[in-house]
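Enquirer: The structure under discussion is supplied below as structure tokens; questions concerning it will follow.
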Amino acid sequence: MQAAPVKQDLVLIGGGHAHVEVLRRFGMRPEPGVRITLVSRDTHTPYSGMLPGLVAGHYGFDEVHIDLAPLTRFANARLYRDEVVGLDLVARRVLCRERPPIDFDVLSIDTGSAPAMAVPGAAAHAVPVKPVSNFNTRWQALCEEVMASTRPLTIGVVGAGAGGCELVLAVREGLRGRHPLGDDALAYRLVGSGADILPGHNAGARRRFRTALARAGIDVLDGFEVAAVDDRGVTAHDGRRLDLDTVLWVTHAAAPAWPAAAGLAVDERGFIRVDASLQAIAWPGIFAAGDVAAVGPHPRPKSGVFAVRQGPPLADNLRRACRGEAPRPFTPQREFLSLISTGARHAVASRGRFAAGGTWAWRWKDWIDRRFMRRYRELPQMDAAGAATDDDATEAMRCGGCGAKIGADILRDALATLDAAAREDVVLGIAEADDAAVVRIPAGHLAVHTVDGFRAFLDDPWMLGRVGAQHALNDVYAMGATPQSALALVTLPYAAPARLHGDLVHVLRGAIEVFAAADTALVGGHTGEGAELSLAFAVNGYVAPGQLVGKRGVRTGDVLVLTRALGTGVLFAAAMRGLARARWLEAALERMVQSNAAAARCLVAHGAHAMTDVTGFGLAGHLLEMLDGHAAEVALGRLPLYAGAETLAGDAVASTLLAENRRAERAVTARHSAACGARYDLAFDPQTAGGLLAAIPAERAVDCLGALRAAGYAEATDIGTVGAGAGPLVFSD
Ligand SMILES: Cc1cc2nc3c(=O)[nH]c(=O)nc-3n(C[C@H](O)[C@H](O)[C@H](O)COP(=O)(O)OP(=O)(O)OC[C@H]3O[C@@H](n4cnc5c(N)ncnc54)[C@H](O)[C@@H]3O)c2cc1C
């Protein structure tokens, strides 16, 4: 996807408040030869200032979250959804929970903090406000629990800093009118270990908040230092007991353990020690910002405000580090204005010794917060000139033919790090490195061969490897066959040898994970360089002659069963344009890497007369091939669709292949209403790693669908029936 050769890898860990600004700035002004990779556990960054407003019900999810998919696309950065668990500082590698290590030249860490949960029982019984993605889920569950409750409930918030004070009022606001016995059936307690609430704020602000809490009927327990949490409440060090039905945990911030374990210098609480330029002590080229950093000369509270302010100097210093220039120091401001909301549309303003409050303060805060969010939502259109260019033309002029092969050392090293599954029937495979692989077919079986591949539609090579392998395996499953071996054809974008090695390892590791789960040996392949990443696999399998299920063979009355949702074409077309929400893409990818093996077995077991996998020609194209002239009626309203697909199709977003696929319309009669217009378009949407489509005898269809759903194919649906006589294919509502 990146045209210029990659010379340096800038890796950002965590999509926190400082990094979103780094991405925006690199998007506005790309750095030639620098490839950016963001590794983030969450693909939506909650904006801390608006979080209580989400709980209170003033904002929806999208209003308070920065979607990292369009932002990384804007920055021409790769987005890897993963959790970083360590660093190899000497080899300069980031260690992830799921994927292979990621090499870096320049590194920046902005992973935030989470409430300290060291109190016995807290981890098991309290709900931490961070990670926010988990909190959101627990919050939704709490809302449902309250709505279904038949008895009074008491909710406690532990931590009486700004976060806790705001949260308890927001929770009360968000739960208003939800308890079946009325609002009086809900009681709230705010528990703080200090003598007063809001440490670090002035007396006026504290007084105003106390008034707001009292008006809301929230009991405040000062000097209540929680010593233990259990399933019925909390106990203080002095023995006091507080019975609570739910404990929300908003105490002081704790650091993650992995930076210290990796050998980075940390402060006494475990936060990464950085100098005034945000560079880690003793580790040039490694930076940290936001809550996770402890800025030696300028200690500041853990607050989103400071993380935001660090964004511009961090971006500047990362750029300088990539160029080999010395970073510049930055002095953050000492005081800042806090606008802390009090549940309803009201806020308290606090700065130094100044305090005031009212609905005007909330409107002001709302205006500031929305303006901030617009910076990351309404990204400027960049022309092609904004894309990274390289002045070293000779480097870009790479050889074609066999000269475009990846160097032998790179390939050997990459393969050595991978643990490809072995099979006894592989006579010569990767380990033997002969001219060709040799595989033994079980006696009496037919060999099944297929090849499938695509240009990268994702900027994450590990995930691409997984999707590509699954996509290629699907052809074998669709024949009712068993996969046995695979060959890879990988084209990597031009880059320095070390970068090629890293990308190759990621692509192949992703593929090998999928092939290993499918008991399929990767027995060889070919790698080369090209303008962009592309990937194909030839998969070989076998099948007993009587068990072969062809694409053709439908019978009148058969029920058409589709095992997976549609819409990958439109979703990834939208992703290329920065229009797809990260959570839509995540949900689709989760399904795309789900094996179709069990689905195929299930369809065959229920007597499938014909079967195919839905890929590039879309549902309509593949179904027409399957019908082979038979008639069929498909109910568009029944089509399972990926989240976001219908919205995008309704907005006229389409894959470039759609027009070609719509040529199949000559064999289609459209009888649907206007309301199903977008669904009709999606029937032609090209699919990657799509589901299986099968014609099942009508009397077995209900059992078949039940079995498919029980096997984890939740979207499996009967979408229509095969009719009598010759075509057309009818699409109705
Ligand atoms: C209820 C509440 C209200 C608050 N209100 C305010 C407020 O009004 N104003 C204010 O200034 N501050 C507020 N804060 C504090 C504020 O939330 C934090 O200071 C701020 O979020 C820190 O930003 P950050 O950039 O350091 O990290 P974050 O914004 O927390 O982002 C960290 C990112 O890193 C990712 N990540 C974490 N660990 C890993 C890992 N191991 N690997 C990969 N990715 C990882 C996460 O998914 C996340 O995307 C509030 C806090 C709470 C709890």
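Enquirer: When only Cα pairs under 8 Å and 6 or more residues apart are kept, what is the percent relative contact order across the range 272-358?
Expert: Reported relative contact order: 22 percent.
Enquirer: Counting Lys +1, Arg +1, Asp -1, Glu -1, what net charge surrounds Asp183 among other residues with beta carbon under 9 Å of its beta carbon?
Expert: Here the charged neighbours net out to +2.
Enquirer: Send over the per residue convex hull volume for the chain, Cα only, as a whole number of Å³.
Expert: Spread over its residues, the Cα hull of the chain gives 184 Å³ apiece.
Enquirer: Turning to a different aspect of this structure: Can you give the accessible area per residue of the chain, in Å², using a 1.4 Å probe?
Expert: In whole numbers, the chain has 41 Å² accessible per residue.
Enquirer: Now for a different question. With +1 on the Cβ of every Lys and Arg and -1 on the Cβ of every Asp and Glu, and nothing else charged, how large is the dipole of the chain about its Cα centre, in debye rounded to the nearest 20?
Expert: Rounded to the nearest 20 debye, it is 2300 debye.
Enquirer: Please list, or write none, the aspartates and glutamates whose alpha carbon is within less than 12 Å of the alpha carbon of Lys302, excluding same-chain residues fewer than 8 places away.
Expert: The qualifying aspartates and glutamates are Asp291.
Enquirer: Please grab the % of Cα pairs in the range 501-566 that end up more than 14 Å from each other.
Expert: Of all Cα-Cα pairs in the range 501-566, 75 percent lie more than 14 Å apart.
Enquirer: Once both labels are modelled 7 Å past Cα along the beta-carbon direction, what's the Arg377-Ala203 spacing in nm?
Expert: According to this spin-label approximation, the distance is 4.1 nm.
Enquirer: Taking square-rooted eigenvalues a ≥ b ≥ c of the alpha carbon gyration tensor, is the range 550-732 rounded, prolate or oblate, where a/c under 1.5 means rounded and, failing that, a/b exceeding b/c means prolate?
Expert: Since a/c reaches 1.5 but b/c is at least a/b, the shape of the range 550-732 is classed as oblate.
Enquirer: Still on this structure: Among the DSSP beta bridges whose two residues both lie in the chain, what percent are antiparallel, rounded to the nearest 5?
Expert: Of the beta bridges lying entirely in the chain, close to 55 percent run antiparallel.
Enquirer: Give me the net charge for the shell around Pro313: Cβ to Cβ below 11 angstrom, other residues only, Lys and Arg +1, Asp and Glu -1.
Expert: Result for the local shell: +3.
Enquirer: Could you sort Leu175, Leu51 by their accessible area in this structure, using a 1.4 Å probe and putting the largest first?
Expert: Greatest to least solvent exposure: Leu51, Leu175.
Enquirer: Please give the net charge around Pro332, taking every other residue with its beta carbon less than 10 angstrom from that of Pro332, where Lys and Arg add +1 and Asp and Glu add -1.
Expert: Taking every other residue near Pro332 into account, the sum is +3.
Enquirer: Quick one: if the Förster radius is 41 Å, what FRET efficiency do Leu428 and Asp62 give, using the C-beta to C-beta distance and rounding to 0.05?
Expert: 0.15
Enquirer: Here is a further query. In the chain, carbon and sulfur make up what percent of the accessible area (probe 1.4 Å)?
Expert: With neighbouring chains kept in place, the figure for the chain is 52 percent.
Enquirer: Within straight cross-link reach of Lys551, meaning Cα distance under 13 Å, which aspartates and glutamates are found once same-chain residues fewer than 8 apart are removed?
Expert: Asp475, Asp613, Glu625, Asp628
Enquirer: Cβ neighbours within 10 Å, averaged per peptide: list 344-351, 230-237, 459-466 in order, most packed at the top.
Expert: 459-466, 344-351, 230-237
The values are calculated or read from the model by the stated rules, or taken from the named source; none is laboratory data. Owing to the predicted nature of the structure, the values given are computational and were not obtained by experimental measurement. Reconstructed Cβ throughout: ideal geometry from the backbone, glycine too, with neighbour counts over all protein chains shown. When the accessible area is computed, the model is the full protein with side chains, heavy atoms only, and any ligands, DNA or RNA have been set aside. Shrake-Rupley method; radii C 1.70, N 1.55, O 1.52, S 1.80 Å.
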